[in-house]
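Quick one: this structure, given as structure tokens, is what I'll be asking you about.
Bear in mind these aren't lab numbers, they're just calculated from the coordinates by the rules spelled out. Quick caveat, the model's predicted, so the values are computed rather than measured. Virtual Cβ from ideal backbone geometry, glycine too; neighbours counted across all protein chains shown.
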Amino acid sequence: MRKPMITLMLAAVALSAWASDIGVKATVTAGRVALGTALQYTITVSGIQNIQPPVLPAVDGFDVRYSGPATRVSVINNTYAVEESFNYVFIPLKEGKFTIPAIPVDVKGQTFTTEAIPVEVLPAGAEVSSAPDAGVKGKDLESRMKLLMGVAREKAYVGEAVPLTVRLYVNQLSLQELSFPEIAQEGFRLDPFTEPKQFQETADGSAWQVVEFSTLLYPLKPGETNIAPALVRGSLLFKAEPSRDTSGGIFDDGFFGNFFSSYQKRPVTISSNAAKFDVRPLPEEGKPADFSGAVGEFDFKVEASPREVKSGDPVTLRMILTGMGNMKGVSLPVFKADGFKVYDPQIKDEAGRRVLEQVIIPTDTKVTEVPALKFTYFDVPSGSYRTLERGPFPLKVAPSASGDEFQAMGFARPSAVLAPETLGRDIVFIKDNPGRLEQRTQGMSGRIVFYAMIAIYLQVWGAALVFYLRRRRLLDDPKFARQIASAREARRMFHLAGERLAAGDTKGFYDALEKGLRDYFVARLGVLPGGMDTASIEKALTGIRLDGKYLAGVRDIFKAAEHARFAGMPAGVSAMRTHLADAEDIVRAVERRSR
Amino acid sequence: MKVLRHGGVCLVILAAATSAVWAQADQRAAAASFAAGVKAYHEAHYDAAVTFNEDVLAKGFVSPAVYYNLGNAWFKTGRTGKSVLNYLRARQLAPRDSDLRANLSYARSMVENYVPRKSASIAAPAESYFTDIELQWLALAALGLTGLFVLSGLYAGMPRKRIVLGTVLLALVTGYFSAAAFGQAIGRLGAAVCVGKSDARFEPNTQGTVYFRVPEGTELKILREKDGWVKIERPDGKSGWVPGVSVEKI
């Protein structure tokens, strides 16, 4: 099955999904699918991230497999949007008409429900007819996107805030990267568009996705005002025709063919209708001299605090203007009164209100009030000018002690200071350099080196300590030093004996062998040199519980040495070799026993 | 046999080279995600900045700057808990970063009813100033110095009193750093942050009576885990059960 399956926006927006900008919808790649192929079912949650994938129930007629999530972050005209999609592969098991049921999706404790989607499974090899957006081109495309612009009033006063709405209608198309509407501003001024709303509307028997952009328009001059068509730019996402590969590889069958089809973007510009309305001038008759320029419906509040001060102490005067109108072009009343030192005001435009804060300082104890303040504006509903008066506010000013006067530090002129400086607080900015990016497992190798270092430390310490103690004992204990040296000396004598054996010097051999053994026994076993007879040596060897064969060996060697020395009887070479080996064994055995 | 042996050696070299190339590619991809996170933050797309920085972590790479930027991005999206969590993670790697300290302090000031966890240990200053690895190496260096001093003193024939005095002093330094390393490791066991407002209950189920509220960003200690619930202890010693999803270990 290699016919391209065009993406369908079959499933509509969830029933209750628009609460708090979170949206949940379900879509499938095709409304009809042939047996032996597969379709992709996607649940898209917009406006939030990091949620658990919905668990799908068993769906009649399909084998359902979860194939993973995808996160999409898009930025349109500096507006950030995030969508998290969960994809499922639906493999048809039998022919017929089935319905993928509505799926409840739990998002932050709220449950949203997708819409049920009907799917028809055709016989294997059947050609699936084109989906509604297949081959979306030319006139067909135009009939599926439209942009409508409208103003809330047909008549308005100069400066009046007039709501303007631009609605984008899209039918079974996927539009991305939408820009805010662009409108040529001639004869009026526009506020920036607010965050667009999205919803669904049914018209002409079709479901339309609607994106609504809203703003306020302020006419600047009287007469008929024309608003040129608004333009919205975006990218149309459509499925490209897959290439027909004749190689017959595994990606050439229906299943992979459907899933490896690619999507392409095509830039589109959608134009709206033009609009016009009549702008009336503000009446000159009855126009107050202190008219602020405000047009609309307003409320005006004034606060002054504290109300009991010492002369020279600051009083904060706060004027708050709220309502619907050309807030930004409005001048708030200017405070002027005798007996006050006045600092420059600070004006802040907040959401739906304009706030003026001003420090005033009563300099005279005769001051008893903060005078009333008047705000005059043109009231649109009544079509007349209106003045709102607030105050006066009683004020009790006590004489100040010398040196108590409020002084704005660092400013020579009183008008240069507004209020004591309040420093802002926020987090320090991010770091542009990632530094050394380390793999999480690299810490373990550091630990291994650390523990290896500890082991090496302990070994070096131990060895140095043992060496030191041994050296000290060799210096402090001559007997010990002699004992340690005796074995070495005995081996040296045995080596000499070996050389004499090789030279055929029997007497010299036995002299060296006997001397080596006797000196060894004196040093090692403490046998007195004067009492060096066989009996005393045997006694000493028995004392260290040496095996009897070694005692016999000692006796044999001494006897052979005596014969060689006094009787001059030459011993056989083999006997001499045996005696040399025995002597070495005896020393080794004594060393082992003496430890 | 020879062919097999050479083939095996070649395979090992090839595998090592391939894994090195993959590791480098992963690191480049992680660095690219970090840069994308910085750009998103610059353009005030804080959710996107979170996504990109978490992508760096998902690729298996960490650095203090990644956690720091992630903390900033979460802070800007209003998630104080996630912000404190990531600042604390960054602090484990870069405890002397002044920007990090300032931001952590500010984020904590946004936490409802924040109570600092105070340590009575004299090693606390070292615990907060050094990383765990630094403390371990300092302890090891002091230990090595102690041994070197003892041995060189003995060999050089230094008076015994002087050797004992020097050894005691160096042993105290070793003990101090060891205690700091140990205290830091103990302090990190079960350390967690509440990443979403929650109620601490007497029992690990939704029917349990609410004992106290746990504001987002509260620093806690996890005592036990059971069936998706965790028993937490707040700095004043009170403990209760909260859903596991509302806390994240540091």
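Suppose R0 equals 60 Å; then what is the FRET efficiency for B:SER105 and A:LEU458 from their Cβ-Cβ distance, rounded to the nearest 0.05?
0.90
Sticking with this one: If you take each beta carbon of peptide A:45-52 and count the beta carbons of other chains within 10 angstrom, what is the mean? Intermediate values should be presented prior to the final figure.
Numbers: counts 0, 0, 1, 1, 4, 4, 0, 1.
Across A:45-52, the average partner-chain Cβ count within 10 Å equals 1.
Cross-link partners among lysines for A:LYS310, C-alpha distance below 17 Å, same-chain residues fewer than 8 apart left out?
Cross-link targets: A:LYS341, A:LYS366, A:LYS396.
If you find the alpha carbon centre of the stretch A:261-317 and of the stretch A:322-374, how far apart are they in angstrom?
Cα centroid of the stretch A:261-317 versus Cα centroid of the stretch A:322-374: 17 Å apart.
What net charge do the residues around A:ASP204 carry, taking every other residue with its C-beta under 12 Å from that of A:ASP204, with Lys and Arg at +1 and Asp and Glu at -1? Numbers along the way, then the final one.
Numbers: positive: A:ARG144, A:LYS146; negative: A:GLU201.
Overall, the nearby charge balance is +1.
Using the number of other C-beta atoms within 10 angstrom as an exposure proxy, rank B:THR80, A:THR542 with the fewest first. Can you show the working numbers first?
Working: B:THR80 24, A:THR542 11.
Going from least to most buried by this count: A:THR542, B:THR80.
Whole-Hz ³J(HN,Hα) for each residue in the stretch A:514-519, computed from phi via Karplus 6.51 cos²θ - 1.76 cosθ + 1.60 with θ = phi - 60°, x for glycine and proline: what do you get?
5, 4, x, 5, 4, 4
Say the cut-off is 20 Å between C-alpha atoms; which of A:LYS328/A:LYS374; B:LYS76/B:LYS197; A:LYS108/B:LYS59; A:LYS197/A:LYS328; A:LYS155/A:LYS276; A:LYS221/A:LYS287 go over it? Before the final figure, lay out each step's value.
Values: A:LYS328/A:LYS374 18 Å; B:LYS76/B:LYS197 18 Å; A:LYS108/B:LYS59 27 Å; A:LYS197/A:LYS328 25 Å; A:LYS155/A:LYS276 9 Å; A:LYS221/A:LYS287 18 Å.
In this structure, A:LYS108/B:LYS59; A:LYS197/A:LYS328 lie more than 20 Å apart at Cα.
Fewest Cβ neighbours within 10 Å first, please rank B:LEU70, B:LEU165 accordingly.
Working: B:LEU70 26, B:LEU165 11.
Fewest-to-most ranking of B:LEU70, B:LEU165: B:LEU165, B:LEU70.
Follow-up question, since we're still on this one. As a footprinting exposure proxy, order A:ILE484, B:ILE163, A:ILE183 by other Cβ within 10 Å, with the fewest listed first. Kindly include the intermediate steps, with their values, before the conclusion.
On the way: A:ILE484 15, B:ILE163 18, A:ILE183 21.
In increasing order of surrounding Cβ atoms, one gets A:ILE484, B:ILE163, A:ILE183.
What does the charge add up to near A:LYS431, with Lys and Arg as +1, Asp and Glu as -1, over the other residues with Cβ less than 15 Å from its Cβ?
Numbers: positive: A:ARG436, B:LYS39, B:LYS76, B:ARG89, B:ARG91, B:ARG96, B:ARG101; negative: A:ASP432, B:ASP97, B:ASP99.
That sum, taken over residues with Cβ under 15 Å, equals +4.
Once you have the Cα-Cα distance between A:ARG470 and A:THR387, take 0.36 nm times their residue separation minus that, and quote the gain in nm to one decimal. Intermediate results must be reported in sequence, preceding the final value.
Numbers: separation 83, 0.36 × 83 = 29.88 nm, distance 10.77 nm.
Here the answer is 19.1 nm.
Taking the Cα centre of the stretch A:294-416 as the origin and placing charges on Cβ (Lys, Arg +1; Asp, Glu -1), which of A:SER384, A:THR316, A:PHE298 is farthest toward the positive end of the dipole?
Selected residue: A:SER384.
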